[in-house]
Structures are given as structure tokens and as C-alpha cells.
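The values are calculated or read from the model by the stated rules, or taken from the named source; none is laboratory data. Predicted model only: the values in this text are computed from it and were never measured. Neighbour counts are summed over all protein chains in view; Cβ atoms, including those assigned to glycine, are modelled from backbone coordinates with ideal geometry. We work out accessible area using only protein heavy atoms, side chains counted, and drop any ligands, DNA or RNA first. Shrake-Rupley method; radii C 1.70, N 1.55, O 1.52, S 1.80 Å.
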Amino acid sequence: MSDGTLYDRLGGEPAVGAVVSEFYDRVLADERVSHHFDDVDMADQRSHQTKFLSAVTGGPMRYEGEEMDVAHEGLAITDAEFDAVAEHLDDALREFDVDDADRGAVIEAVEEYRDATVEEA
């Protein structure tokens, strides 16, 4: 692992943006979770997610969206759906040859938002 933040090791904004684009291509192709994005402006969502991923990996962009629990309220996201989305993120990172340790660190950072995202009854 080289020096710098996880964001730097991922390759900065261009690389994070490419990962996010690949990630959403996978998510939108997955019938288990794609319905959550039926009425979403995906260009805006990809930009928003790039900022979020930047923020959680130590990059300069700051996440300025709603709190996670507010943003996901009423979406009835299940643990299984969260797992599917996390798997797509891991696969997107793997597609860009992100090493195991850094992929694990990204997934760990995102996992911290599970409780605020999942709304199982």
C-alpha cells in the first residue's frame, strides 16, 4: 500500500468517478435493487455518489447531502439489498484493479452507514 489517503490510492477524482459509473451500471442491471432508482436522476446520483465516496475515503470533496437516515427514509431498503449494492461496489473496485486491502477499506467505510440506510421491519 502506498502513502496517502485511500482516495489518493484509488486514483483521485477521475478514478472514483469511473468506479461510481461502473458501480451504477451494475446496480441498474440488478433487478434486486434497480427499482430503488426508477425515478432518480442518475447523472445527479452519480455525481452525488462520487462526492460521498470521495468523502468517506479521505478525498477533498465533501458530502453535502442529507443525513443517510433521512435520505433513505421510506425506501424500505433491506439488509439483503444493502449487501447486493455493497457487492456491486466491491466488483466495480475490482474491475479497476483496486487491491484487496483498499477494496476492503472502502467496503468497511460504506458498511458504517448500514444502520442509517437499512429500514427492515
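Search segment 106-121 for residues being more than 12 Å from the chain's Cα centre (by Cα) and of a type outside the set (Val, Ile, Thr), and hand back the single one that is least open to solvent (accessible area, probe 1.4 Å).
Going through the qualifying residues, I end up with ALA116.
Determine the pairs where a residue that is part of a helix (DSSP H, G or I), located within segment 40-52, has a partner that is among the hydroxyl-bearing types (Ser, Thr, Tyr) and surrounded by 13 or more Cβ atoms within 10 Å (Cβ to Cβ) with Cβ atoms under 6 Å apart, the partner being 6 or more residues away or on another chain.
Within 6 Å, the pairs are ARG46/TYR24; LYS51/TYR63; PHE52/TYR63.
Determine which member of the set ARG94, ARG62 is free of Cβ contacts under 8 Å to residues at least 12 places away in the same chain, assigned to a helix (DSSP H, G or I) and open to solvent by 70 Å² or more (accessible area, probe 1.4 Å).
Numbers: ARG62 fails: assigned to a helix (DSSP H, G or I).
That would be ARG94, the only listed residue that is free of Cβ contacts under 8 Å to residues at least 12 places away in the same chain, assigned to a helix (DSSP H, G or I) and open to solvent by 70 Å² or more (accessible area, probe 1.4 Å).
Across segment 1-53, what is the number of residues that are open to solvent by less than 40 Å² (accessible area, probe 1.4 Å), among the aliphatic types (A, V, I, L, M) and under 21 Å from THR117 (Cβ atoms)?
8
When segment 65-78 is examined, which residues are found to be among the β-branched types (Val, Ile, Thr) and in a helix (DSSP H, G or I)?
Within segment 65-78, just VAL70 meets the criteria.
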